[in-house]
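Q: Let me give you the structure first, and then I'll get to my questions.
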Amino acid sequence: GIQVEQSPPDLILQEGANSTLRCNFSDSVNNLQWFHQNPWGQLINLFYIPSGTKQNGRLSATTVATERYSLLYISSSQTTDSGVYFCAVSRDNYGQNFVFGPGTRLSVLP
Amino acid sequence: DSGVTQTPKHLITATGQRVTLRCSPRSGDLSVYWYQQSLDQGLQFLIQYYNGEERAKGNILERFSAQQFPDLHSELNLSSLELGDSALYFCASSVGSEQFFGPGTRLTVL
């Protein structure tokens, strides 16, 4: 099956700093999503981005499907950005069998 | 709020017991997915239903079963519970490829 790697595993930032999180996957995919799991355990959709670039406020994401990676950019980080960021991929056109990466744990310090 | 609801939020039970987790998808979503998040295994896909029919199976144990009812809500049944079944169980729904996750049910097996 597809293998998903995320880097870095842990990241500590000062409030206001920028960061880039990376997701590498071992095979071609039709679906890719980025999630933020907050300290209360909720999984929040950030981006549905099987290819291309999207932006939503301070967050943006880019997926280069041909090179099998995706990047999540967080600018001007805030303490509320803390949590774990997951990348999930699927080869199926209907998002079945999502394979999640191990996550990047982000801590933003005031 | 993703629009996906799960009950109960927390469940504490003993080994050997059986529990039922319930999920209501977003209005209009025909697909329901179940995932397990444990400390040692990460987030894993268990099973998917589409409009009442099982569509895909992941790493779901034989002690676990699920179904989707005509009103599209879904239930995940876990039986002969073991300590290792303690985890956060998520339900997600989709109408196309993008999945939206519920708040999860935290199961503790004592």
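The values are calculated or read from the model by the stated rules, or taken from the named source; none is laboratory data. Note that the coordinates shown come from a computational prediction; the quantities given were computed from them, not determined experimentally. Cβ: placed from backbone, ideal geometry, glycine included. Neighbour counts: every protein chain shown.
Rundown of residues vs (1) within 14 Å of chain A (Cβ to nearest Cβ); (2) modelled with pLDDT of 95 or more, yes/no style:
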residue: B:Q37; (1), (2): yes, yes
residue: B:L43; (1), (2): yes, no
residue: B:K57; (1), (2): yes, no
residue: B:H73; (1), (2): no, yes
residue: B:S79; (1), (2): no, yes
residue: B:L83; (1), (2): no, yes
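Q: Same structure again: Does at least one position in the range A:24-42 carry a residue that is of a type in the set (A, V, I, L, M), in contact with a strand residue (DSSP E or B) (Cβ under 9 Å, 6 or more places away or on another chain) and surrounded by fewer than 18 Cβ atoms within 10 Å (Cβ to Cβ)?
A: No, there is no match, as no residue in the range A:24-42 is of a type in the set (A, V, I, L, M), in contact with a strand residue (DSSP E or B) (Cβ under 9 Å, 6 or more places away or on another chain) and surrounded by fewer than 18 Cβ atoms within 10 Å (Cβ to Cβ).
Residue-by-condition table, conditions (1) closer than 17 Å to B:D40 by Cα; (2) under 13 Å from the mean Cα position of the chain (by Cα); (3) not in a loop (DSSP other than H, G, I, E, B):
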| site | (1), (2), (3) |
| --- | --- |
| B:E54 | no, no, yes |
| B:S65 | no, yes, yes |
| B:D71 | no, no, no |
| B:L76 | no, yes, yes |
| B:Y89 | yes, yes, yes |
| B:P103 | no, yes, no |
| B:T108 | yes, no, yes |
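Q: What is the number of the single condition among (1) under 11 Å from the mean Cα position of the chain (by Cα); (2) surrounded by fewer than 20 Cβ atoms within 10 Å (Cβ to Cβ); (3) more than 14 Å from every other protein chain (Cβ to nearest Cβ) that B:R18 does not meet?
A: With respect to (1) under 11 Å from the mean Cα position of the chain (by Cα); (2) surrounded by fewer than 20 Cβ atoms within 10 Å (Cβ to Cβ); (3) more than 14 Å from every other protein chain (Cβ to nearest Cβ), B:R18 is out only on (1).
Q: For the range A:71-106, name all the residues that are under 12 Å from the mean Cα position of the chain (by Cα), away from every other protein chain (no Cβ under 14 Å) and not aromatic (F, W, Y).
A: Residues of the range A:71-106 under 12 Å from the mean Cα position of the chain (by Cα): A:71-74, A:83-89, A:100-106.
Going one step further and asking which of them are away from every other protein chain (no Cβ under 14 Å), we end up with A:71-74, A:106.
Hits for the range A:71-106 are A:L71, A:L72, A:I74, A:L106.
Residues checked against (1) part of a strand (DSSP E or B); (2) closer than 29 Å to B:Y50 by Cβ:
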{"position": "A:I2", "(1), (2)": "no, yes"}
{"position": "A:T20", "(1), (2)": "yes, no"}
{"position": "A:D27", "(1), (2)": "no, yes"}
{"position": "A:W40", "(1), (2)": "no, no"}
{"position": "A:Q55", "(1), (2)": "yes, no"}
{"position": "A:Y85", "(1), (2)": "yes, yes"}
{"position": "A:V108", "(1), (2)": "yes, no"}
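Q: Based on what the data block shows, is A:G83 in contact with a His (Cβ under 8 Å, 6 or more places away or on another chain) and on the phi > 0 side of the Ramachandran plot? Before you say what the answer is, go through the steps one by one.
A: Values: in contact with a His (Cβ under 8 Å, 6 or more places away or on another chain): yes; on the phi > 0 side of the Ramachandran plot: yes.
When the stated conditions are applied, A:G83 passes them.
Q: Within the range B:1-32, restricting attention to residues that are touching a Phe, Trp or Tyr at 6+ places or on another chain (Cβ under 7 Å) and assigned to a strand (DSSP E or B), which residue is modelled with the highest pLDDT? Before the answer, list the steps.
A: The first filter runs over the range B:1-32 and keeps only residues touching a Phe, Trp or Tyr at 6+ places or on another chain (Cβ under 7 Å), leaving B:2-4, B:21, B:26, B:30-32.
Right, trim to assigned to a strand (DSSP E or B) and you get B:21, B:31-32.
Working: B:L21: 98, B:S31: 93, B:V32: 95.
Per the stated criteria, the residue is B:L21.
Q: I would also like to ask the following. Condition first: out of contact with any helix residue (DSSP H, G or I) (no Cβ under 8 Å at 6 or more places or on another chain) and of a type in the set (A, V, I, L, M). Now tell me which residues in the range A:14-30 satisfy that.
A: A:A17, A:L21
Q: Next question. Would you mind finding the one in A:P102, A:P39, A:P50, A:P110 that is farther than 28 Å from B:L46 by Cβ and not aromatic (F, W, Y)?
A: A:P110 is the lone residue from the list that is farther than 28 Å from B:L46 by Cβ and not aromatic (F, W, Y).
Q: Under the condition of being of a type outside the set (G, A, S) and in contact (Cβ under 8 Å) with a residue 60 or more places away in the chain, which residue from the range A:82-96 is nearest to A:Q3 (Cα to Cα)?
A: A:V89
Q: Is it true that A:R68 is surrounded by fewer than 21 Cβ atoms within 10 Å (Cβ to Cβ), more than 14 Å from every other protein chain (Cβ to nearest Cβ) and within 30 Å of B:I47 (Cβ to Cβ)?
A: yes
Q: Here is a further query. Select from the range B:22-54 the residues that are over 27 Å from A:Q6 (Cβ atoms) and free of Cβ contacts under 8 Å to residues at least 40 places away in the same chain and list them in ascending order.
A: Once the filter is applied, which keeps residues that are over 27 Å from A:Q6 (Cβ atoms) and free of Cβ contacts under 8 Å to residues at least 40 places away in the same chain, the range B:22-54 yields B:S27, B:Y49, B:Y50, B:N51, B:G52, B:E53, B:E54.
Q: Here's another thing I want to ask about it. Which numbered condition trips up B:K9, out of (1) surrounded by fewer than 16 Cβ atoms within 10 Å (Cβ to Cβ); (2) touching a residue at least 12 places away in the same chain (Cβ under 8 Å); (3) over 21 Å from A:N45 (Cα atoms); (4) charged (D, E, K, R)?
A: The one condition B:K9 does not meet is (3).
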